[in-house]
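*Asks:* Let me begin by handing over the structure; questions about it come next.
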Amino acid sequence: MALLYHLREKFPWFPIIDAGTCRTDLQCLNFCPHDVFEWDIKTGRPVVAHPLRCLPGCQICVEGCTSGAISLPTKHEFQVTLKRLRGGASRPVPPPQSL
């Protein structure tokens, strides 16, 4: 279990909340099955209290946030991180070209 936690620390997959867009409707707390979010009584807003609990690849919070205030790494960022962790990224991978 310690090895998995160590690998998880190297994988930057966790949600980011845009406070200006957030409606504070608790949807992130209600939808997240991994208890990543908590309610901050001082600010009256949800916070990403346990980022390492977030399961890489999971997007339930983004899908459940009707205000669009939650973001996660892009598919490209996800792929680059996987390559890096697998040892296959000896040089930076360029971002995909827009169509």
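*Asks:* Amide H to amide H under 5 Å from C58: which residues, 5+ apart in sequence or cross-chain, H placed 1.01 Å off N in plane?
*Replies:* The list, which skips near neighbours in sequence, is empty: none.
*Asks:* On to the next question. Multiply the residue gap between L85 and C58 by 0.36 nm, knock off their C-alpha separation, and tell me the result in nm, one decimal place.
*Replies:* Extra length available between L85 and C58 comes to 7.9 nm.
*Asks:* Trypsin sites (Lys or Arg not before Pro), restricted to segment 21-84: which are DSSP loop and have at most 15 other Cβ atoms within 10 Å? Walk me through the numbers before you get to the answer.
*Replies:* Details: sites: R23, K42, R53, K75, K83, R84; in loops: R23, K42.
Here the sparse-neighbourhood loop sites are R23, K42.
*Asks:* Pull up the cross-link candidates among the lysines for K83, meaning alpha carbon to alpha carbon under 30 Å and not fewer than 8 places away within one chain.
*Replies:* Filter leaves K10, K75.
Readers should treat all values here as calculations from the given coordinates under stated rules, not as data from a laboratory. For clarity, every value in this text was computed on a predicted model and none was experimentally measured. Positions of Cβ are backbone-derived with ideal geometry, glycine not excepted, and every protein chain shown enters the neighbour counts.
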